[in-house]
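Asker: Mind looking over this structure? Questions follow.
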Amino acid sequence: MKKKLNETRRDFIKKGAIASSFFIVPRNVLGGVGFISPSDQLNIAAIGAGGKGRSDITNASVNGRERIVSLCDVDFSGSAKETVKKFPNAKLYADYREMLDKEKDIDALTISTPDHVHGPAAAFAMERGKHVYVQKPMTHNIREARLLTEMARKYKIVSQMGNQGASNPLLNTVKAWIDSDKLGKISKVQIWTNRPVWPQGNPMPKPDDSLKPKDLDWNLWLGPSEYKPYIPNMHPFNWRGWWDYGTGALGDVGCHLIDIPFRTLGLKYPTDAECSVASVYSKMWSPDYNPEGCPASSFITLHFGATTKSKSPIEMTWSDGGIRPSHPDIIPANEDIGGTNSSNGVLIIGEKGIITTNINDSSPMMPKLFLNDGTKELGPDLPKDMESEYGHQRRWVDACKAGFKSKEHLGLTSSFDYAGPMTETVLMGNLAIRSYMLRRENSKGQMEFFARKKLLWDGENMRITNLEEANQFVGRSYREGWKV
């Protein structure tokens, strides 16, 4: 009797589905690890319940269709308290490792933490057979992205990265224009953003434990990063500008913007990366040097080989800090490029014309096609009753219930098979930025920057082939207990 009582819910459902003469499911449809009958609710937990985590877990609940069983956050006194009110029956945890060790019946998790925790939390969950929805960027570094991609296949995990605009149907318009050869030969893509919109390019604030909010578990917030005393205002948002925790402007919107050409042009790993960054001068002739943080602005160039969709090599440029490309001649001067006020956008440039579109997230991304002959086309208007965030989380939930390799799973727009390589491409820009800031003392006792060159990338083996020192940024070091 005790054995029967302790039988897990998941095993009960599997056995019941097979044994029932009323509802018989062939074994090949069951979907492996974490399968749940489509007629039942998923048990879903959140790692990161405030900020973006609030909308992620709310959308994953599908208006109460699914069961939210646990919420994990290092500070329930902030915006996470509203999530607690919304899901009052959910158990609360500060440490996701404790939650996953105790709550055996969790089927799937949303992971919406600062960037540095994405990889460790997702790996910990996948090792235990849990399906995962991970906010963008999928990971903090390239090695973690490759590892999670491989783990999802190994453990038969239904995965989705949280670049919700990937499910925006307007992307199909961009794809159709490219597939129908409207642009002809495509050779260049230009991407830009007004980020950062948080403090960046400055010295690291001085630690001060006396200012730590009483409800914040700072040690757990640091997670895999080296322990440091509390740094004021790092939580809940300003972490984005510091390499130990964030991934800068690229990590914030790169997985939205770069996704558009990466997906529609069928790009693979870049072959090289090159960058320059803004210099900030607090005193004459001596630029500030803050290698622990992301720069105020940067310009990055990536090259890609030809693919089945892009018959010629592609040059992609990225600029942030409000620096944007020049206005193309074939686009009327009074029209925005990209989004409103031309603040964020993508230009896909071909021999016959240009596609321009907006940031690819929850905001409108109306694509526009301008041809050299003066023709202009717009994407269709979206229905006014569009599902929240284009159903990005709900589709993942449906795929979890249908199982690994189901048509629902294969139909996801950002499962790790796609999101992993795309995230690696986004993070290549950060590898270039961090390498650009490397310096050492020369024979004259002067500090010199020795890595300001084009970096040649072996994508399959995740290595810079012409500057060994740059490879330190492919991964990171981890505190004991948080290793990936």
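A short reminder: the numbers here are calculations on the coordinates, not readings from a lab. Remember, it's a predicted structure, so these values are computed and weren't measured experimentally. All Cβ positions, glycine included, derive from the backbone under ideal geometry; neighbour counts span all protein chains shown.
Asker: Output wanted: per-residue J couplings in Hz (rounded whole) for the stretch 98-115, from phi through Karplus 6.51 cos²θ - 1.76 cosθ + 1.60, θ = phi - 60°, x for Gly and Pro.
Answerer: Going residue by residue, I get 5, 4, 6, 6, 8, 9, 5, 8, 5, 9, 8, 9, 9, 10, 9, 9, x, 4 Hz, with x marking Gly and Pro.
Asker: Shifting gears a bit: Under 16 Å between alpha carbons, and skipping anything fewer than 8 positions from Lys212 in its own chain: which lysines qualify?
Answerer: Counting by Cα, and skipping residues close in sequence, Lys212 has these lysines nearby: Lys228.
Asker: How high is the FRET efficiency from Ser443 to Asn341, r the C-beta distance, R0 41 Å, rounded to 0.05?
Answerer: 0.25
Asker: Put one equal scatterer on each alpha carbon of the stretch 306-379, apply the Debye formula with no solvent term, and list log10 I(q)/I(0) at q = 0.16, 0.21, 0.28 1/Å to two decimals.
Answerer: Evaluating at q = 0.16, 0.21, 0.28 Å⁻¹ gives log10 I(q)/I(0) of -0.62, -1.02, -1.41.
Asker: In the chain, what is the volume of the convex hull around the alpha carbon atoms, normalised per residue and reported in Å³?
Answerer: With only Cα atoms used, the chain gives 176 Å³ per residue.
Asker: Multiply the residue separation of Ser326 and Ser477 by 0.36 nm, subtract the distance between their alpha-carbon atoms, and state the gained length in nm to one decimal.
Answerer: Taking 0.36 nm per residue and subtracting the Cα distance, the gain is 50.4 nm.
Asker: Taking Cα atoms, how many degrees apart are the long axis of helix 416-436 and the longest axis of the chain, rounded to 10 and kept between 0 and 90?
Answerer: Here the helix axis deviates by roughly 40 degrees.
Asker: Got a sec to turn the phi values of the stretch 166-171 into Karplus ³J(HN,Hα) couplings, 6.51 cos²θ - 1.76 cosθ + 1.60 with θ = phi - 60°, whole Hz, x for Gly and Pro?
Answerer: 3J(HN,Hα) across the stretch 166-171, in whole Hz: 4, 9, 5, x, 5, 4.
Asker: In terms of Cα to Cα distance under 16 Å, which lysines are near enough to Lys268, apart from those fewer than 8 places away along the same chain?
Answerer: Lys188, Lys309, Lys311
Asker: Another question, then. With an 8 Å Cα cut-off and a minimum separation of 6 or more residues, compute the relative contact order for the stretch 361-484 in percent.
Answerer: For the stretch 361-484, the relative contact order is 11 percent.
Asker: Let me ask you something else. Go through the stretch 364-381 residue by residue and turn each phi into a ³J(HN,Hα) via Karplus (6.51, -1.76, 1.60, θ = phi - 60°); whole Hz please, and just put x for glycine and proline.
Answerer: Working through the residues one at a time gives x, 10, 3, x, 10, 10, 10, 9, 4, 7, x, 5, 10, 10, 10, x, x, 5 Hz.
Asker: Given a Förster radius of 41 Å and the C-beta distance between Asp385 and Asp105 as r, what FRET efficiency does 1/(1 + (r/R0)^6) yield to the nearest 0.05?
Answerer: For Asp385 and Asp105, the calculated efficiency is 0.75.
Asker: Check the straight Cα-Cα distances from Lys130 and name the lysines below 21 Å, setting aside those fewer than 8 residues away within the same chain.
Answerer: Within the straight-line cut-off, Lys130 pairs with Lys14, Lys15, Lys52, Lys91, Lys102, Lys104, Lys154, Lys156, Lys401, Lys405, Lys407, Lys483.
Asker: Over the stretch 161-259, how many percent of alpha carbon pairs lie in each 5 Å bin up to the one with the longest distance?
Answerer: Using 5 Å bins, I get a P(r) of 2, 10, 16, 16, 14, 11, 9, 7, 6, 5, 3, 1, 0 for the stretch 161-259.
Asker: I'd like the distance separating the alpha-carbon centroids of the stretch 121-148 and the stretch 218-257, in whole Å.
Answerer: 17
Asker: Sticking with this one: What number, rounded to the nearest 500 deg cm²/dmol, is the helix-based mean residue ellipticity at 222 nm of the chain, given -39500 (n - 2.57) per DSSP H run of at least four residues and division by all its residues?
Answerer: Theoretical 222 nm ellipticity from helices: -7000 deg cm²/dmol.
Asker: At a Förster radius of 22 Å, what calculated FRET efficiency corresponds to the Cβ-Cβ distance of Asn233 and Ser79, to the nearest 0.05?
Answerer: That pair, Asn233 with Ser79, gives E of 0.90.
Asker: Report, by chain and number, residues whose modeled amide H sits under 5 Å from the one on Asp272, excluding near sequence neighbours (fewer than 5 apart, same chain).
Answerer: His303, Trp457
Asker: Something else: Residues with amide H under 5 Å of Trp242's amide H, sequence separation 5 or more or different chain, H placed in the peptide plane at 1.01 Å from N; which?
Answerer: Residues meeting the criterion, in which the H sits 1.01 Å from N, are Gly248, Cys294.
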